[in-house]
Amino acid sequence: MKIIISGCGKIGTNVISQLVSEGYDVVCIDTDRKVIEELTNIYDVMGVCGNGADPDVLKEADASSAELFVSLAGSDELNMLSCFLAKSLGCSHAIARIRTPEYNDRDLRFLRQTLKLDDSVNPEYITAKEIYDILKFPSAVNIESFSGRNFEMIEIKLKPDSTFDGMTLMDLRKKYEEKFLVCAVQRENQAFIPSGGFVLRGGDKLGLTAAPTQMYKFLKKIGILQKQARNVMILGASTTAFYLAKLLVANGNSVTVIDKNEARCREFSRDLPQVVMICGDGAQQELLLEEGIDSVDAFVSLTGMDEQNILISCFASARKVPTVITKVNRPELYSIAEKLGLDCIISPKKTTGDIITRYARAIENSLGSSVETLYKLMDGSVEALEFSVQQDFEYIDIPLKEMSLKKNILIAGIIRGRVPIIPSGNDVIKAGDKVIVFASGMRLQTLADIVA
């Protein structure tokens, strides 16, 4: 399948990397010739230097033969125009990056219909919502939702002295009556889709699935449930910070935002007067102490510099702030941040890559099922996919214990109507179900791919 990516900045480059690893035929467009040369040297892609809103450039990229066109340039208007022209030339599907709050608040549906956009992506809002969910559930280092939030996957990290050290997953499930499933484990740099005999170790990162109420009860019983963060300090008045502050204020949270750009501070204060806006250099520890970092429930670092986000987050952790969330985009710094003890790390470009990859796989659907949701977990080594089951799925009404699943595959949940099911071997899949599958070391396009 041919996919064209227009706009090859940080997010665009990450999307290209993910799509190439998936085996797609990728064409990249950017106005910077050096960027195009670098991408074509690193990846097996075709490059076109030019403006993605120029019909001649789109013709050179052969947009008429592409199944998917994605515009991720810095300008919303350019992205929308590029997608409109690509569709007009015959491209099958088009997705535009639209990040301006005004477009997303009022006009997005109208714009998508008028410009024939199949979808839009807003990395800043998606990131803000991801952070907001964690602040509501700060025991987790990551939260993902399936099927309209009827089913959740959270990542938690066991402490080195955890009481679960040496316990098998089978014993863990016997010990607690709540219906949950440990569906993935990361130990150092290795990820596992565990069986019941898997032995946990202190320091493991666990991926748990359950219905929201069951998840809450389980985490409360094992003693790691923290109260919701009510008093939040945000470093960096970015677009992501604006979306996050808006969500928090609507929820009744107390929010302080620090940024040294005076114009941005005035703009932020005008649009969100409920936020305490501090104009100053948040990299100065004295300022953070003066503004009460020691008394906040959560600290979120959202500047445009990964290194600064990591360093200031380490300072916040050292001051015993209960929840510290760090934005890191560069993969090489992601692992460094974890080694420094930062557990909750957010990557906007990774999240965007997951969305585009999910859309591409959905276009490729074959018989029996379709990809509804896709997340890359455990630093990208595990995928969690939600499939919608159609009438022609080959294994309908067959007990799961009679299905011969491939290695490193786990059926983690079934949603029937709005009822979440943690499946046993006697459960069956029915038409209309949503099925949650975890997979490591393979690429699933349909639900049938899980069977050996």
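The values are calculated or read from the model by the stated rules, or taken from the named source; none is laboratory data. These numbers come from a predicted model, not from an experiment. For neighbour counting, all protein chains shown are included, and Cβ atoms are generated from backbone atoms with ideal geometry for every residue, glycine included. Side chains included, ligands, DNA and RNA excluded: accessible areas come from the protein's heavy atoms. Shrake-Rupley method; radii C 1.70, N 1.55, O 1.52, S 1.80 Å.
Taking the centroid of alpha carbons for each part, segment 68-103 and segment 39-63 are 15 Å apart. Per residue, the convex hull spanned by the alpha carbons of segment 294-440 comes to 146 Å³. Remark: relative contact order (segment 37-151) = 18 percent; criterion is Cα-Cα distance under 8 angstrom and separation of 6 or more residues.
Using the crude model of +1 on Lys and Arg Cβ and -1 on Asp and Glu Cβ, and no other charge, please compute the dipole size for the chain relative to its Cα centre, in debye to 20.
Values: 52 positive and 60 negative charges, 284 e Å.
With only Lys, Arg, Asp and Glu charged at Cβ, the dipole is about 1360 debye.
Fully extending the segment from Glu37 to Arg416, taken as 0.36 nm per residue of separation minus the present Cα-Cα distance, adds 131.5 nm. Modelled spin-label separation between Thr100 and Asp161, with each label point placed 7 Å from Cα along the Cα-to-Cβ direction: 5.5 nm.
Of the GluC sites (Glu not before Pro) in segment 371-410, the ones in a loop by DSSP (not H, G, I, E or B) with at most 13 other beta carbons within 10 Å are Glu394. Between segment 304-371 and segment 422-452, how many Å separate their Cα centres? Here the two parts' Cα centres lie 26 Å apart. In segment 4-71 the Cα-Cα distances spread across 5 Å bins starting at 0 as 4, 19, 35, 27, 14, 2 percent of all pairs. Where both partners of a DSSP beta bridge lie in the chain, what percent of those bridges are antiparallel, to the nearest 5? In the chain, DSSP labels about 55 percent of beta bridges as antiparallel. For segment 12-162, taking Cα atoms only, Rg and Dmax work out to 18.5, 62 Å respectively.
Taking the Cα centre of segment 171-218 as the origin, how large is its charge dipole in debye, to the nearest 20, when only Lys and Arg (+1) and Asp and Glu (-1) carry charge on their Cβ atoms?
Details: 8 positive and 5 negative charges, 14 e Å.
Rounded to the nearest 20 debye, it is 60 debye.
When Leu248, Leu311 are compared by accessible area of protein heavy atoms, the largest-first order is Leu311, Leu248, using a 1.4 Å probe. The convex hull built on the alpha-carbon positions of segment 205-296 has an orientation-averaged projected area of 7.8 nm². If the segment from Arg266 to Thr168 were pulled out straight at 0.36 nm per residue, it would be longer than the present Cα-Cα gap by 29.8 nm.
The relative contact order of the chain comes to 12 percent, based on Cα pairs under 8 Å that sit 6 or more residues apart. Would you kindly give the portion of the calculated P(r) for the chain that falls above 28 Å, as a percent of all Cα pairs? More than 28 Å apart: 54 percent of the Cα pairs in the chain. Each of Leu340 and Asp392 was given a label point 7 Å from its Cα along the Cα-to-Cβ line. The distance between the two points is 5.3 nm. Accessible surface ranking for Ile3, Ile278, 1.4 angstrom probe, highest first: Ile278, Ile3. Each listed q (0.15, 0.16 Å⁻¹) maps to a log10 I(q)/I(0) for segment 372-452 from the Debye sum over equal C-alpha point scatterers, namely -0.48, -0.55.
Calculate the FRET efficiency for Ala452 and Val428 from the Cβ-Cβ distance with a Förster distance of 22 Å, rounded to the nearest 0.05.
Details: r = 18 Å, r/R0 = 0.83.
After rounding to 0.05, the efficiency reads 0.75.
By a 1.4 Å probe calculation restricted to protein chains, Glu37 has an accessible surface near 100 Å², given to the nearest 10. Over segment 107-225, the reciprocal of the mean inverse Cα-Cα separation, the Kirkwood hydrodynamic radius, stands at 16.1 Å.
Segment Lys227..Ser381, full-extension length gain: 52.4 nm, with 0.36 nm per residue of separation and the alpha-carbon distance subtracted.
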